[in-house]
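The values are calculated or read from the model by the stated rules, or taken from the named source; none is laboratory data. These figures come from a predicted structure and were not determined experimentally. Positions of Cβ are backbone-derived with ideal geometry, glycine not excepted, and every protein chain shown enters the neighbour counts.
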Amino acid sequence: MTNKLINPTRASEIVKNSITKRRAKDNRLKLYGRIAIGLAVCFLIFLFSSIFIKGYPGFFQYYVTLDINFDRERIDPQGDLSDNSLFNGEASKIVNEALFTIIDPKGRKAKKQAKKMVSSGKDVRLTNLVQSNPNLFGTVSSVKFALDDDIDSFLRGYIKRETPESERRISDQIIKFVDKLDKEGRISYEFSDYILNGSASGNPEMAGIKGAFFGSILTLSVCLLIAFPLGVATAVYLEEVAKKNKITELIEVNINNLAAVPSVVFGIMGLAIFISIFGMPRSIPLVGGMVLALMTLPTIIISSRAAIRAVPPSVRDAAYGIGASKLQVIFHHVIPLAMPGMLTGTIIGMAQALGETAPLLMIGMVAFIVDVPNSVMDPGTVLPVQIFMWADFAERMFVQKTSAAIIILLGFLISMNAFAIYLRKKLERRW
Amino acid sequence: MTHYYGIFCSLSALLPTLGVFFIFTICDDLVFAELVKEYIPNEVINSKDYNFTIVLAQINNSVEGLVFGTPPQWVTNAAEIWKSWVIKSNILTTIVCAITILTSGFLSYKKINSEFRSRNAVEKIIMTLLAISSVIAILTTIAIIFSVIFESIRFFALIPFDEFLFGTVWNPQFEGAERAGSGQEGLSQYGSVPLFAGTFLISFIALSVSIPIGLSSAIYLSEYATSKERAIFKPLLEILAGIPTVVYGFFAALTVAPFLRSSGSFFGLDVASESALAAGLVMGIMIIPFISSLSDDVINAVPQSLRDAGYGLGSTKNETVLKIVLPAALPGVVASIILAVSRAVGETMIVVMAAGLAANLTANPLEAVTTVTSQIVTILVGDQEFESAKTLSAFALALTLIIITLGMNFYALHIVKKYREQYD
């Protein structure tokens, strides 16, 4: 030993003197950890609360109640309630007249401005109403119509009365009209029936998520129908059937790679393979679902393999012992026992697919589509893409509607993940 | 087990038929596209701006009844002929499918006798199906690589390789494919350096947010936290990874960016409304869980005996963690950071929504930059001219993106594999 030995009393003194410092260091590290977690949780809370505060008003909007004279001759000239007949009717003129009787605009210019106060969906709203309830004909009843988005923003206080008229999106004249309507108690702030039932629209007061919602459902169904069987089959093959050789190794490497490929690349593949080579149409949920299926496949395979691996070998041995074949062991014992784990992985994969945007932009699901898609071959869009499109619009009301759509999307994601956790807790078995 | 005979018969009848059906439905359009060339008049083929893809699209639109304006007579004629082919091919498909299903069904039915082991035969078929489905992963990879490589080769035929890799100006314009000989050279420039600089600037900002936060929380969660704290905070952090990126993009563009802008002007700084900083910060929040979860796992995997040895020598928890546990877990931690980088490089929606499209070559995080992914999206969304260098450039960008992310992924896995068993 060349090291000089320290006298034990001296050594204990050194330790004693340094111990407070070392303990302080220890506490500091602990504090850093707490601060880091605190920051992350704060971000999370801030994100959720900022979106919730912005989005909550998006579920509501301002309506004006008008007394409509349901004159059958004018609304439904052919008298058969067909779309064509109602289209030829004077629904929007009737709404305007009802408005004019209250606010009484003087002159052509005032009338022209007043017409724009009620959302341009007024005629559709009126015709839908009589189509669902023809008894209204011949009566005078009050109906609620959405107000134009600029007036909505004014009533919410985003457009200030004090701003000079030239810098305001609405004129003094309209403010006067709005005051008049307000004084008569005709304006009400209510749960918006457009956000859930409306489809894509350039008018923020009429925009809703119905089309995107059904598009998401169709896309996810395609994705599930392709990804779940394929994923489970691959997992079963790799865990139960295949011998360890070069080919299975190659498959495993590929699965890991696919999990690392950026999602936008899957979109490019969809564009190049499904659309260019196979000649499938753009913007349809079928192609979207296929692309998302290939994207979620690694998630499903990896979790399914873990679930299969968790089934104890004794179960298989028992089944083999009473004469079951390999396939019977797999389909009668291993898969049923591994099903909770597989389902959990699948739900998490579907939640990923539900929130995915970039690959769907590539295959054209970003188009402006008003109709609700009825089949996987109809052009459609999905919730996250709808959010992306709305986020680009400048109108104040779109910000609220976008946040409202985000709340709905997050609601679905959270409930899917919660369901996956519940499933795992409920069906999980310890061996 | 009598039902295996039935299963055997139906499987061996259905599977070939399904195969035939798919081949017919996929191939008929390709065959029609070849045949329809006969019906395109010569003067159209010889004209200067002849493009078969566009002509085909015209005919297809006409077949589906989408008519814009008045198409030339020959398009309508070709569409009529196309329609008649569709009817013929439908009949043909039905007949061929019926024949296949009957013959293969009959053949398999004839096989059945008391000696025939139907269970084994069925198992063989199903095993093959399982094997085929597992090959899909390989097929997808091949599809991805090929879809990108072919277009990239065409791109590099138009634009020299070194100009793309080392050029410092990115200014793509639609100008058709005639760049090579039209004397318009210099109009568009495809130097990808600003895009990669922007990508790495944003990734750098993201990592300088997520590495300190992710690592400290991983250390805290695995070494200091009680099991109750762990049960609460680990899932909370993982929520961050489950939020859709479009939500982050919206948050970055509408909350963080205006906030940075106003606080920047408060300090006298000029912050662009689409700054790299906003996108990078929000992306950093997004990738915290990628670092914290993986690092947490590898720190937990360090054997307890190492810690005990540290305590046995009289070290404090801090010293044990920093000088023993962390070095032991370092390969895994590095791997998690590399994976986070590859996630940041490939992230799309946040940069599309918050980072802007201006290809600035700058290291200033307060300016607007653009990234590889956001250029891919802007180029490929909407209508494209398929032959132009601009469209093809997106594929070349995608190729480099794939190479970078896959390279990082391989490297990370390699590190993990190499050092995994060191302490077992």
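So which residues in segment B:100-130 are away from every other protein chain (no Cβ under 14 Å) and either more than 30 Å from A:Ala233 (Cα to Cα) or of a type in the set (D, E, K, R) (or both), if there are any at all?
Initially, segment B:100-130 is screened for residues away from every other protein chain (no Cβ under 14 Å), giving B:100-116.
Result: B:Lys110, B:Lys111, B:Asn113, B:Ser114, B:Glu115.
If only one of B:Gly310, B:Gly332 is in a helix (DSSP H, G or I) and more than 13 Å from chain A (Cβ to nearest Cβ), which one is it?
Numbers: B:Gly310 fails: more than 13 Å from chain A (Cβ to nearest Cβ).
Checking each option against the conditions leaves just B:Gly332.
Could you tell me whether segment A:113-124 includes any residue that is in a strand (DSSP E or B), of a type outside the set (Ser, Thr, Tyr) and closer than 30 Å to A:Phe393 by Cα?
Restricting attention to segment A:113-124, the residues satisfying the condition of being in a strand (DSSP E or B) are A:118.
Those still in the list that are of a type outside the set (Ser, Thr, Tyr) too: A:118.
Filter once more, keeping what is closer than 30 Å to A:Phe393 by Cα: A:118.
Scanning segment A:113-124, I find at least one residue that is in a strand (DSSP E or B), of a type outside the set (Ser, Thr, Tyr) and closer than 30 Å to A:Phe393 by Cα, so the answer is yes.
Among the residues in segment A:280-291, are any under 26 Å from B:Thr391 (Cβ atoms), at pLDDT below 85 and small (Gly, Ala, Ser)? Spell out the reasoning first.
Initial filter on segment A:280-291 (under 26 Å from B:Thr391 (Cβ atoms)): A:280-291.
Filter once more, so that each one left must be at pLDDT below 85: A:280-283.
Adding the requirement that they be small (Gly, Ala, Ser) leaves A:283.
Scanning segment A:280-291 turns up at least one residue that is under 26 Å from B:Thr391 (Cβ atoms), at pLDDT below 85 and small (Gly, Ala, Ser).
Within the set A:Gly38, A:Gly33, the sole residue that is more than 17 Å from B:Val247 (Cβ to Cβ), within 7 Å of chain B (Cβ to nearest Cβ) and free of Cβ contacts under 8 Å to residues at least 24 places away in the same chain turns out to be A:Gly33.
Name the residue, out of A:Asn17, A:Asn84, A:Asn27, that is within 10 Å of chain B (Cβ to nearest Cβ) and either among the polar types (S, T, N, Q) or part of a loop (DSSP other than H, G, I, E, B) (or both).
Values: A:Asn17 fails: within 10 Å of chain B (Cβ to nearest Cβ); A:Asn84 fails: within 10 Å of chain B (Cβ to nearest Cβ).
Only one candidate qualifies: A:Asn27.
Within segment A:276-309, can you find the residues that are among the polar types (S, T, N, Q) and part of a helix (DSSP H, G or I)?
A:Ser276, A:Thr296, A:Thr299, A:Ser303, A:Ser304
Taken across segment B:349-356, residues that are surrounded by fewer than 23 Cβ atoms within 10 Å (Cβ to Cβ) and in the same structural domain as B:Thr199 (by TED's automatic domain parsing) do not occur at all. In the set A:Leu218, A:Leu230, A:Leu225, only one residue is more than 7 Å from chain B (Cβ to nearest Cβ), modelled with pLDDT of 90 or more and either over 18 Å from A:Leu292 (Cβ atoms) or in contact with a Ser or Thr (Cβ under 8 Å, 6 or more places away or on another chain) (or both); that residue is A:Leu218. When the residues of segment B:261-286 are filtered to those that are without any contact (Cβ under 8 Å) to a residue 24 or more places away in the chain and part of a helix (DSSP H, G or I), the one that is farthest from the chain's Cα centre (by Cα) is B:Phe266. For segment A:347-369, residues that are surrounded by 23 or more Cβ atoms within 10 Å (Cβ to Cβ), more than 8 Å from chain B (Cβ to nearest Cβ) and touching a Phe, Trp or Tyr at 6+ places or on another chain (Cβ under 8 Å) total 2. Of everything in segment B:97-133 that is more than 16 Å from A:Leu327 (Cβ to Cβ) and hydroxyl-bearing (Ser, Thr, Tyr), the residue that is surrounded by the fewest Cβ atoms within 10 Å (Cβ to Cβ) is B:Ser114. Does A:Asp76 meet the test of being surrounded by fewer than 16 Cβ atoms within 10 Å (Cβ to Cβ), over 30 Å from B:Ser292 (Cβ atoms) and either at pLDDT below 80 or away from every other protein chain (no Cβ under 11 Å) (or both)? No: the conditions fail for A:Asp76. Out of A:Leu147, A:Leu129, A:Leu155, A:Leu136, one residue alone is more than 24 Å from A:Phe393 (Cα to Cα), assigned by TED's automatic domain parsing to the domain that holds A:Leu81 and under 33 Å from the mean Cα position of the chain (by Cα). It is A:Leu129.
In segment B:197-207 there is no residue matching the filter, namely being modelled with pLDDT under 85, surrounded by 14 or more Cβ atoms within 10 Å (Cβ to Cβ) and in a helix (DSSP H, G or I). When segment B:9-55 is filtered for residues that are modelled with pLDDT of 75 or more, within 14 Å of chain A (Cβ to nearest Cβ) and farther than 30 Å from B:Leu102 by Cβ, the ones remaining, listed by number, are B:Ala33, B:Glu34, B:Val36.
Restricting attention to segment A:310-327, the residues that are assigned to a helix (DSSP H, G or I) and over 12 Å from A:Glu240 (Cα atoms) total 7.
Under the condition of being more than 16 Å from A:Ser303 (Cα to Cα) and either hydroxyl-bearing (Ser, Thr, Tyr) or crowded, with 16+ Cβ neighbours inside 10 Å (or both), the residues counted in segment A:237-250 number 3.
Got a sec? Which of B:Ile415, B:Ile402 is among the hydrophobic types (A, V, I, L, M, F, W, C), modelled with pLDDT under 85 and either buried (at least 22 other Cβ atoms within 10 Å of the Cβ) or in a helix (DSSP H, G or I) (or both)? Explain how you work it out, then say what you get.
Values: B:Ile402 fails: modelled with pLDDT under 85.
The conditions single out B:Ile415.
Condition check for A:Ser92 on (1) of a type in the set (Ser, Thr, Tyr); (2) within 25 Å of A:Lys183 (Cα to Cα); (3) crowded, with 20+ Cβ neighbours inside 10 Å: one failure, at (3). When B:Leu102 is tested against (1) within 39 Å of the chain's Cα centre (by Cα); (2) assigned by TED's automatic domain parsing to the domain that holds B:Val36, exactly one condition is not met: (1). Taking segment A:296-344 as the range and being within 30 Å of A:Ser263 (Cβ to Cβ), among the hydroxyl-bearing types (Ser, Thr, Tyr) and out of contact with any Cys (no Cβ under 8 Å at 6 or more places or on another chain) as the test, the residues that pass are A:Thr299, A:Ser303, A:Ser304, A:Thr344. Pairing residues of segment A:95-108 that are more than 10 Å from A:Ile68 (Cα to Cα) with residues that are among the β-branched types (Val, Ile, Thr) and not in a helix (DSSP H, G or I), at Cβ distances under 9 Å and at least 6 apart in sequence or on separate chains, gives A:Ile102/A:Val64.
For A:Ile407, the conditions (1) surrounded by 21 or more Cβ atoms within 10 Å (Cβ to Cβ); (2) within 10 Å of the chain's Cα centre (by Cα); (3) over 18 Å from A:Gly289 (Cα atoms) are fulfilled apart from (1).
Going residue by residue through segment A:348-365, is there one that turns out to be in a loop (DSSP other than H, G, I, E, B), closer than 22 Å to B:Thr378 by Cβ and more than 15 Å from the chain's Cα centre (by Cα)? Taking every residue of segment A:348-365 in turn, at least one turns out to be in a loop (DSSP other than H, G, I, E, B), closer than 22 Å to B:Thr378 by Cβ and more than 15 Å from the chain's Cα centre (by Cα). Touching a Ser or Thr at 6+ places or on another chain (Cβ under 9 Å), modelled with pLDDT of 90 or more and at negative phi: is that true of A:Ile35 in this structure? Here the answer is yes, as A:Ile35 does meet what is asked. Scan segment B:134-165 for residues that are of a type in the set (Val, Ile, Thr) and crowded, with 19+ Cβ neighbours inside 10 Å and the total you get is 6.
As a summary of the residue check, A:Thr9 satisfies the conditions (1) closer than 28 Å to A:Met206 by Cβ; (2) away from every other protein chain (no Cβ under 14 Å); (3) surrounded by fewer than 15 Cβ atoms within 10 Å (Cβ to Cβ) except for the one numbered (1).
Scanning segment A:257-268 for residues that are facing chain B (nearest Cβ under 7 Å), touching a residue at least 40 places away in the same chain (Cβ under 8 Å) and closer than 16 Å to B:Ile136 by Cα turns up just one, A:Leu258.
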